[in-house]
Amino acid sequence: MLIFTEKRIAILAVPKTGTTALEMALRPHADIVFQRNRKHMPAARFRQKVAPFLKDGFGIQAETIAVMREPEDQLRSWYKYRQSDRRAGHENSTAGMSFDQFIRDAISDNPPPHAGVGSQYSFLCDAKGRLLVHHLFAYEQMHIMIDFLQDRLGTKIELERRNVSPQVDAPLSDEMRTKLTKARSAEFDLYAKLTSREGYLEGEI
């Protein structure tokens, strides 16, 4: 997560949405950088903990920005990332596992470590379904967010590929896709709403 106090902007890092590349490009310009376990702080926690800190310490209310990726594709990125050789033998590894199995585990009531990846919906919304960020952009139309940030931050942004997942086949059966869509219907609905607005959605906060 990156915070720009003068520009009153906070960029939240939704996992597997290109946030590492964005961080590398903008980190030199940020006033506050959250890393490691705090890098991927959900929007609700930001509102509870960080927003009051920024108001009390800096006298600002930062506009929050986040990126959302097509839900199946975001989960596929998690699956591929955990296929890497460096994770061999680790409880988070998905080596030797089909994407169908990964999805089955991810949408189960008690996901095992390799599939405990959360959801974009729970990262971005509250229990009532309210979008908790001011500006939400589609990963697949990243140029819209880049244009927005370049205008607001007054700096040119050039992204380099970072944290790229291994190139492996990850097909999903129609049966499992149906189960995924049903299990995470709220997330798919949010993404559909985002894409219907041409890749940009304003939160009602």
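The values are calculated or read from the model by the stated rules, or taken from the named source; none is laboratory data. Computed from a predicted structure; not experimentally measured. Note that we place each Cβ from the backbone using ideal geometry, even for glycine, and neighbour counts take in every protein chain shown.
Residues in the stretch 121-129: is at least one within 30 Å of L2 (Cβ to Cβ), polar (S, T, N, Q) and without any contact (Cβ under 8 Å) to a residue 60 or more places away in the chain? The answer is no; no qualifying residue exists.
If you go through the stretch 147-170 one residue at a time, do you hit one that is on the phi > 0 side of the Ramachandran plot, loosely packed, with under 12 Cβ neighbours inside 10 Å, in a loop (DSSP other than H, G, I, E, B) and over 18 Å from the mean Cα position of the chain (by Cα)? Looking through the stretch 147-170, at least one residue is on the phi > 0 side of the Ramachandran plot, loosely packed, with under 12 Cβ neighbours inside 10 Å, in a loop (DSSP other than H, G, I, E, B) and over 18 Å from the mean Cα position of the chain (by Cα).
Here V50 does not fit the description of being more than 24 Å from A192 (Cβ to Cβ), under 19 Å from the mean Cα position of the chain (by Cα), loosely packed, with under 15 Cβ neighbours inside 10 Å and at pLDDT 95 or above. Screening V117 on (1) closer than 23 Å to E202 by Cβ; (2) surrounded by 15 or more Cβ atoms within 10 Å (Cβ to Cβ); (3) of a type outside the set (D, E) shows it passes everything except condition (1). Checked across the stretch 115-125, the condition of being over 15 Å from the mean Cα position of the chain (by Cα) and part of a loop (DSSP other than H, G, I, E, B) holds for no residue.
Checked against (1) on the phi < 0 side of the Ramachandran plot; (2) outside any strand (DSSP E or B), L136 meets all criteria but (2). Consider the stretch 53-94 and keep the residues that are of a type in the set (D, E) and either over 19 Å from the mean Cα position of the chain (by Cα) or at pLDDT below 95 (or both). The one that is farthest from L172 (Cα to Cα) is D56. Across the stretch 1-22, the qualifying residues are those that are part of a loop (DSSP other than H, G, I, E, B) and of a type in the set (A, V, I, L, M), and the one among them that is nearest to Y81 (Cα to Cα) is V14. A25 satisfies every condition listed in (1) part of a helix (DSSP H, G or I); (2) closer than 22 Å to S119 by Cβ; (3) among the hydrophobic types (A, V, I, L, M, F, W, C) except (2). Annotation: S119 fulfils all but one of (1) closer than 30 Å to P28 by Cβ; (2) modelled with pLDDT of 95 or more; the unmet one is (1).
Restricting attention to the stretch 53-77, the residues being surrounded by fewer than 18 Cβ atoms within 10 Å (Cβ to Cβ) and among the basic types (K, R) number 1. Taking the conditions exactly as written (modelled with pLDDT of 95 or more and over 14 Å from A43 (Cα atoms)), does D100 satisfy them or not? Judged against the criteria, D100 is a match. Name the residues in the stretch 183-205 that are free of Cβ contacts under 8 Å to residues at least 40 places away in the same chain, more than 21 Å from I107 (Cβ to Cβ) and small (G, A, S), would you? Once the filter is applied, which keeps residues that are free of Cβ contacts under 8 Å to residues at least 40 places away in the same chain, more than 21 Å from I107 (Cβ to Cβ) and small (G, A, S), the stretch 183-205 yields only S196.
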